[in-house]
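Please treat every number below as a calculation from the coordinates, not as lab data. All values reported here derive from a predicted model rather than from experimental measurement. Every residue, glycine as well, gets a Cβ built from its backbone with ideal geometry; the counts of neighbours run over all protein chains shown.
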There are 4 protein chains.
Amino acid sequence: MPTPEISRRINDRIEELYERHLREGDDAVSYYESGRGYYGPELAAEERNRFAICLVSTDGEAYCVGDHETPFALQSISKVFAYGLALADHGRDHVLKHVGVEPSGEAFNSIVFDERNNRPYNPMLNAGALVASYLVRGADPVEKVERLLEILRGYAGNESLQVDYDTFEAEMSAADHNRATTYLMRSQGMVSGDVEEILAMYLKQCSVQVTCRDLAVMAATLANGCVNPITGERELPRRHVRDLLSVMHTCGMYDAAGQWVFDVGVPAKSGVSGGILAVIPGKMGIGVFSPGLDSHGNSVRGVRVCEEISERLGLHMFATEAEDAMIGAAPPG
Amino acid sequence: MPTPEISRRINDRIEELYERHLREGDDAVSYYESGRGYYGPELAAEERNRFAICLVSTDGEAYCVGDHETPFALQSISKVFAYGLALADHGRDHVLKHVGVEPSGEAFNSIVFDERNNRPYNPMLNAGALVASYLVRGADPVEKVERLLEILRGYAGNESLQVDYDTFEAEMSAADHNRATTYLMRSQGMVSGDVEEILAMYLKQCSVQVTCRDLAVMAATLANGCVNPITGERELPRRHVRDLLSVMHTCGMYDAAGQWVFDVGVPAKSGVSGGILAVIPGKMGIGVFSPGLDSHGNSVRGVRVCEEISERLGLHMFATEAEDAMIGAAPPG
Amino acid sequence: MPTPEISRRINDRIEELYERHLREGDDAVSYYESGRGYYGPELAAEERNRFAICLVSTDGEAYCVGDHETPFALQSISKVFAYGLALADHGRDHVLKHVGVEPSGEAFNSIVFDERNNRPYNPMLNAGALVASYLVRGADPVEKVERLLEILRGYAGNESLQVDYDTFEAEMSAADHNRATTYLMRSQGMVSGDVEEILAMYLKQCSVQVTCRDLAVMAATLANGCVNPITGERELPRRHVRDLLSVMHTCGMYDAAGQWVFDVGVPAKSGVSGGILAVIPGKMGIGVFSPGLDSHGNSVRGVRVCEEISERLGLHMFATEAEDAMIGAAPPG
Amino acid sequence: MPTPEISRRINDRIEELYERHLREGDDAVSYYESGRGYYGPELAAEERNRFAICLVSTDGEAYCVGDHETPFALQSISKVFAYGLALADHGRDHVLKHVGVEPSGEAFNSIVFDERNNRPYNPMLNAGALVASYLVRGADPVEKVERLLEILRGYAGNESLQVDYDTFEAEMSAADHNRATTYLMRSQGMVSGDVEEILAMYLKQCSVQVTCRDLAVMAATLANGCVNPITGERELPRRHVRDLLSVMHTCGMYDAAGQWVFDVGVPAKSGVSGGILAVIPGKMGIGVFSPGLDSHGNSVRGVRVCEEISERLGLHMFATEAEDAMIGAAPPG
């Protein structure tokens, strides 16, 4: 538990970081501005300017700045938790038979498969995420979605998380590429059953709304070995924690995953709505929300903020030194 | 510094591991058996049965079993050190302009390039390794090779490391794919100058002979922040240590890199001659040598041994527990 | 009009050809034996041994041997006629905007598109054929299918041609790859509307049943500038005849199209049910039916028979000599 | 033999065609303007404006307009004749083992191979053309080049054809992509021996200089069953004429081959220096020379002129009517 003085200084640093990146702006286009999702042009423009940063330590301290209470859709960040649930439901070997753990160098919506093993390359690409959702146990689609919601609520320590049905419907009506991906997989025996049902399951999971604060708590839960630092509840069997973090580490940032490991060096996952969840094992979770996207589909500001936090706190997994502690140091420039 | 009692127990464990994997055998074909390199059929068959395991801790304690004094060519493992030298010579930004850090899902000899940035995907694939060697500074090819040899000797703490010219000549005469790769890169402006010279530089580096013990010391140097634990010499500026480990982590095991991170969870590099170098940051270096290869070009026994060591010592980077310490526990089964 | 004597000699030659290829057998697997379509194992085995050859001259003389009254599904051969109807409905320029005329070197079910022009490569691949069917005019799906049936009946001079609904239903239930292809195209704006409707239209067209005799009359109609030599009816505006024959010529035999042009040298189209339709412009149409398929999806016997007919009658488009006339010459061997 | 009146009218038509296309201009960039070859900027600009059209009938009448005496390098058009020589030297089956006849949908410099058969897709792509040159018989490189020159002189009926060594040297010094292609093929056993020698052979053949008139005579020789209509000499055994025309037909215009067959409908080959050679079997040869290139590497004006000639004379191989004879009709517009 940090002293009030230290807490104050952390807060100051994050605010400085927030203010500076807010001023610098970014001219990237957001998912919704590019005509996707259910937002009309006005809402898209408003949404576009959202920006929030939250850190939550593994002992439950939270530091938040900006629009940290604005809800947004989890989108691809949900892939992490669905994959974890599939691992818990079936074990490592069974899940590996259905979806690999190999970065493919391909974009998020790639329909290139691991032909040698007749499976998608990894569960952080859409194809593999569809398989992971499909693997989640449940008597029927309602129960499957309910189980997924429950686990997301557990990670976030927030019982009010819900599917946003406006988002879901917008996603369903623009889902032809994912629909095609699923039919391709069914034609090759990678999934079976009702494709619309698989798709709906996956897109409901993508449409769950969180705040940036929720995101940081979810990250902190992952950082804390999948025990929520606020509720004290375990959300994933201990033996699968490393599986989840490993796959996030090599595949979480799409076809920029290698650069992210090089620059930031911590397991993370981004979503097309502008969120990034980053995990500092044993230390803290980071959530950033800023909708402008780069060419890989990652939040421009989110990447920059995480890079700077990692650099200044010496959080890179292979850092040999904590260059200079964020808490005490003066801001750059 | 471990007590004599602990050292004895570590030795016992490694010997048990060695004996068990030796008995189990493997029916994989080696690089030399597949008709490559300079070995005739008899030598290839003899070479085929070599097997050694060495651990060297970051305080310099060494534990070796099997053919740990048998020399073999570094092959692709040399890519790590040439890339480090290029980083030290030019800095991160310059090197990144010429070779990326992105896993590509492609095999080691892929001629698919990162077209957006007109560069090879990463320095652990042949194409990127050729560029890294090409970037190493030196007034002439002799000086470049000499600098590379010096750095390899430094990592290994072994002044006697040399290019094996039989290996080199065999490699040069079977180098058409690498030659084609280099001409392709020259045609696209990724390298310039004499292709045969670039190739010779690269293949000399691949032909440096080490023992499994050397390999483990090199790994321990990496684990020790690039300060050789035996000589106390720094081999790479501190700021590039994380660069090297990051790239090994995401790209070191070819198109099985993701599975390796999932299963073993430490930075590593394999070579086609059957060596694997694995790094446990802050703790130790591991060298394994066993020439039978899997379909990715990784040593079959090497992968299994590293998996088991990682599992039993809880070395996986994202392990939340040291399941049961190798030192004290009984062997499985 | 040939003399009775010449007709007799042609008949003799075709019978010799038939008997010889029947005796030689072929061990290729048929579409139905590979578990596709609605046939049970027994029917598939029976179907497997069907074999028929028909020639119909542009003045309406027909020469048929073997199972020339056995009905089978047109399958991909229908692509030719749907493409023709789309051309007649919209003109060359409009159709070219939606589907190209370029051989792609890809297999029949390729989902690689001509990205520069955002369209399938050609209408003889499944993707392009789905677009061509989609383009056929009609107030509703019923009218569109009816128009297609009408045109097929016209080419065949056979008012009884019908969709076989057992085939259609079997195809619909195994259509995931085509379904995925259509969703992919819809996601990229190449088609719009109800995917199941587009698919049903296409698969009904594939499920129209013909005999080998029908096939040869359809080929003869194409050979006769799209005027049916028996009914005297024009089936396609004169200006599109060359469009149809050109596309058949470069793209009709899947990824073996170039070899076919080289060896046989006439416009042709094959179907997975074992039919081949070949066109000798100004002279005659050829139909062959034999279900065993090669690795490209072309009838093994069909290819051999066409090669031999072309060779012996000097029908190759670029032949500089009619080597020796089939009508008068002795059989080989 | 046309009457003087008909000859005059043909001349008038070609001149009208020439004048019109000259006036319309084209803004495409030429090979030399894009910095290739040995031309400095001034010469490249001068070269850029060349334009010539020649028709030579199979009875030897020639009609030429524009810069028909300006020499230019044959470049890829030479591939046709080297392939013919390889066929004559080894027969169809042997040559097919080493290079296929399948259009691949790939660009002229593709390094994608027909893996099933371990060969380049076809001899009109650079890879396949290198193999065809390599197959040409000869005691040594000098003799091989001499034989190729002889055959080119034979087709052109012009004993003065020579390698232009300025072009050759410029090509050799910019040949890294072809060099890489050849090393790739050697690494896969598709060729053997000295790569620089194979490359030099191929690039000498590409550097042979012709005029547009030569080109039209070469085309007329092909149209005349490979008997030069002026000298009366046979340049290729009769049985291989159809092989040559077939491959030109499906593969001659790079990845625009299908569109060319659709639009123009005659066997043809283009070269990067701006030449197009088109063959109307039994009737005439066409040569066009105009260096501005489209995105496929084909002469922009060359394609347009051939399209118009084919259209107006009804030369399309599958034309059902000669729409209106060029000789007698008024010019459009």
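Could you tally the net charge around C:Glu24, taking each other residue with its Cβ under 9 Å from the Cβ of C:Glu24, Lys/Arg +1 and Asp/Glu -1?
+3
Hey, what number do you get for chain B at 222 nm if only DSSP H runs of n ≥ 4 count, each worth -39500 (n - 2.57), divided across all residues, to the nearest 500?
Computed mean residue ellipticity for chain B: -14500 deg cm²/dmol.
Which value in Å is the Kirkwood Rh of the range C:76-206 over different Cα pairs?
With all distinct Cα pairs of the range C:76-206 included, I get 14.7 Å.
What list of ³J(HN,Hα) values in whole Hz, one per residue of the range A:157-167 in order, does the Karplus curve 6.51 cos²θ - 1.76 cosθ + 1.60 (θ = phi - 60°) give from phi, with Gly and Pro shown as x?
In residue order, the calculated couplings are x, 9, 6, 8, 4, 9, 5, 8, 6, 5, 4 Hz.
Taking amide hydrogens as modeled 1.01 Å from N in the peptide plane, which residues meet the under 5 Å criterion relative to C:Thr70, leaving out close sequence neighbours?
Here C:Cys212 satisfy the definition.
Which Cys residues of chain C have no other Cys beta carbon under 4.7 Å away?
By the Cβ distance rule, which asks for a partner under 4.7 Å, the isolated cysteines are C:Cys206, C:Cys212, C:Cys226, C:Cys251, C:Cys306.
Above 62 Å lies some portion of the pair distances; for the protein assembly as shown, what is it as a whole percent of all C-alpha pairs?
Cα-Cα pairs in the protein assembly as shown separated by more than 62 Å: 20 percent.
Short version: ³J(HN,Hα) in whole Hz for each residue of the range C:285-293, in order, from phi by Karplus 6.51 cos²θ - 1.76 cosθ + 1.60 (θ = phi - 60°), x for Gly and Pro, what are they?
So the J values, rounded to whole Hz, are x, 10, x, 10, 9, 6, x, x, 10.
Measuring from a point 7 Å out along Cα→Cβ, what nm distances, shortest first, does B:Gly282 have to its partners in the other copies?
Once sorted, the set of distances for B:Gly282 reads 0.4, 8.5, 8.5 nm.
Which ³J(HN,Hα) values, rounded to whole Hz and listed in residue order, are derived for the range B:78-87 from phi using the Karplus coefficients 6.51, -1.76 and 1.60 in 6.51 cos²θ - 1.76 cosθ + 1.60 with θ = phi - 60°, glycine and proline given as x?
So the Karplus estimates, Gly and Pro as x, are 4, 4, 4, 7, 5, 5, x, 5, 4, 4 Hz.
What is the average number of partner chain Cβ atoms found within 10 Å of a Cβ in C:184-193?
Whole-number average of other-chain Cβ neighbours for C:184-193 is 3.
Pairs to check: B:Lys97/B:Lys144; A:Lys79/B:Lys97; A:Lys97/A:Lys204; A:Lys204/C:Lys204; C:Lys144/C:Lys283. Give those whose C-alpha atoms are more than 28 Å from each other in this structure.
The answer is A:Lys79/B:Lys97; A:Lys204/C:Lys204; C:Lys144/C:Lys283.
Within a Cβ distance under 10 Å of D:Met185, other residues only, what is the Lys/Arg minus Asp/Glu net charge?
Summing Lys and Arg as +1 and Asp and Glu as -1 gives +1.
Taking H as built 1.01 Å from N, whose amide H comes closer than 5 Å to the amide H of B:Met284, not counting residues under 5 places away?
Amide H neighbours of B:Met284, under 5 Å, 5+ apart: B:Thr58.
What's the FRET efficiency of C:Asp89 with C:Glu233 using the Cβ-Cβ distance as r and R₀ = 25 Å, to the nearest 0.05?
Efficiency, rounded to the nearest 0.05: 0.90.
Over chain D, calculate the relative contact order: mean separation of alpha carbon pairs under 8 Å at least 6 apart, over the residue count, as a percent.
24 percent
Output the peptides C:232-244, C:289-301 sorted from most to least packed, where packing is the average of other Cβ atoms within 10 Å over each peptide's residues.
The packing order, highest mean first, is C:289-301, C:232-244.
Any idea what the C:Val29 label distances to the other copies are, label 7 Å down the Cα→Cβ vector, nm, shortest first?
Listed shortest first, these distances are 2.6, 4.7, 5.0 nm.
Rounded to whole Å, how close does chain B get to the rotation axis onto C by Cβ? Give me the residue too, please?
B:Glu115, 7
Can you list the distances in nanometres, one decimal and ascending, from the C:Gly193 label point to the identical position in each other copy, with the point 7 Å along Cα to Cβ?
The projected label point of C:Gly193 is separated from its counterparts by 3.3, 5.9, 6.3 nm.
Considering amide H positions built from the backbone, and no H for Pro or chain starts, which residues 5 or more places from A:Val29, or on another chain, come under 5 Å of its amide H?
Close amide H contacts, sequence-distant or interchain: A:Leu293.
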